[in-house]
1. Please determine, by comparing only the residues of segment 111-163 that are of a type in the set (Val, Ile, Thr) and more than 22 Å from Ser63 (Cβ to Cβ), which one is modelled with the lowest pLDDT.
2. Of all residues in segment 122-157, how many are within 13 Å of Ser236 (Cα to Cα), among the aliphatic types (A, V, I, L, M) and surrounded by 14 or more Cβ atoms within 10 Å (Cβ to Cβ)?
3. Within segment 180-211, how many residues turn out to be more than 20 Å from Leu96 (Cα to Cα), touching a residue at least 12 places away in the same chain (Cβ under 8 Å) and part of a helix (DSSP H, G or I)?
4. Output the residues belonging to segment 201-224 that are touching an Asp or Glu at 6+ places or on another chain (Cβ under 9 Å), over 27 Å from Thr127 (Cβ atoms) and surrounded by fewer than 24 Cβ atoms within 10 Å (Cβ to Cβ).
5. Among the residues of segment 40-68, write down those that are in contact (Cβ under 8 Å) with a residue 24 or more places away in the chain and surrounded by fewer than 24 Cβ atoms within 10 Å (Cβ to Cβ).
6. If you scan segment 199-238, which residues turn out to be within 26 Å of Asn264 (Cβ to Cβ) and of a type in the set (D, E, K, R)?
7. For segment 23-55, give me the residue count where each residue is of a type in the set (Lys, Arg) and modelled with pLDDT of 90 or more.
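The values are calculated or read from the model by the stated rules, or taken from the named source; none is laboratory data. What you see is a predicted model, and the numbers here were worked out from it, not measured in a lab. Every residue, glycine as well, gets a Cβ built from its backbone with ideal geometry; the counts of neighbours run over all protein chains shown.
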Amino acid sequence: MNFYLAAVMLGLGFVALGFGIFISMRIFNIPDITTDGSYTLGGVVSAIILVKYNSVPVAITASIVAGILSGSITGFIHTKLKVNALLAGILVMTALYSVNLSLMGRSNIPLINIPVIYDWLSFIGDTVARQLSILMLITFCLILFLSSLLRTDFGIAMRATGNSEVMVSAMGIDTSKMKIIGLAISNGLMALSGSLITQYQGFADINMGIGIIILGLGSVMIGETLMSLLKIQSISGRLFGVIIGTIFFRLILAFVLSLGIDPNLLKLITALIVLIVVCLPNLRKVSN
């Protein structure tokens, strides 16, 4: 039971990553590969600040700012330098590998006996209950923030940019600015996820972000499939679907591992799960 509870908590830790991918891929229709680098960057910055200054708020804030900066650079390269969005993301992701390694000075930073965010709410005696409560609180704050933001005039302009850039541009809205801000928010969320997972697992690793975009994409796709079946199309419903999809995805992986599957095949299984989820809507259309 604790095995699946750990999967749920990991899922909640990855919710911010799912939200980030939802914004880049579903709001702006941009396949942002910066994810692998910005997620790791969030974890690296967090670990460095926690080790040096023992300040959780500063560590989390700095990781988000670092993610925002990386996303802004991707957006700038794509919109101002007219580089394909996919290539722009790959370029920044590649550069971030060197940046992360330079910041760390080694491949791994352990957080041994370092206060982390999961040490808060000390009035809750049970460690697992405390971790779960903190992650649920963060998830609640994130969905409240994003659902409110995407309903504002600015948020509607962001959504419209993804739906019809030509129309929005004709209305006098700077679509380049919208994309840069959107990618900045997206990567800030991804970096936040990197920070939360680093503090949960107790270390930051240079390779922690490899293939992480697949996990986030799978979560978003599962959530969208579920919301589609329930005929829920509201922005709050879609965001809630990302939460459900992220947790469900981690539970599927936990179930697969509980069957005794070789952990070395986990990435392969993850890719297959995402492939199945992506193909399901198309197969349903063909059958109908």
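1. Once the filter is applied, the top-ranked residue is Ile124.
2. Total satisfying the criteria: 5.
3. Selection size over segment 180-211: 2.
4. Ile210, Gly211
5. Answer for segment 40-68, where residues must be in contact (Cβ under 8 Å) with a residue 24 or more places away in the chain and surrounded by fewer than 24 Cβ atoms within 10 Å (Cβ to Cβ): Ile48, Val51, Asn54, Val56, Ile60, Ile64, Val65, Ile68.
6. Asp205
7. 1
Quick grid of which residues meet (1) in contact (Cβ under 8 Å) with a residue 24 or more places away in the chain; (2) in contact with a Pro (Cβ under 9 Å, 6 or more places away or on another chain); (3) farther than 16 Å from Ala191 by Cα; (4) not in a helix (DSSP H, G or I):
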position: Phe76; (1), (2), (3), (4): yes, no, yes, no
position: Lys82; (1), (2), (3), (4): no, no, yes, yes
position: Leu87; (1), (2), (3), (4): no, no, yes, no
position: Ile90; (1), (2), (3), (4): yes, no, yes, no
position: Val99; (1), (2), (3), (4): yes, no, no, no
position: Leu103; (1), (2), (3), (4): yes, no, no, no
position: Arg106; (1), (2), (3), (4): no, no, yes, yes
position: Ile114; (1), (2), (3), (4): yes, no, yes, yes
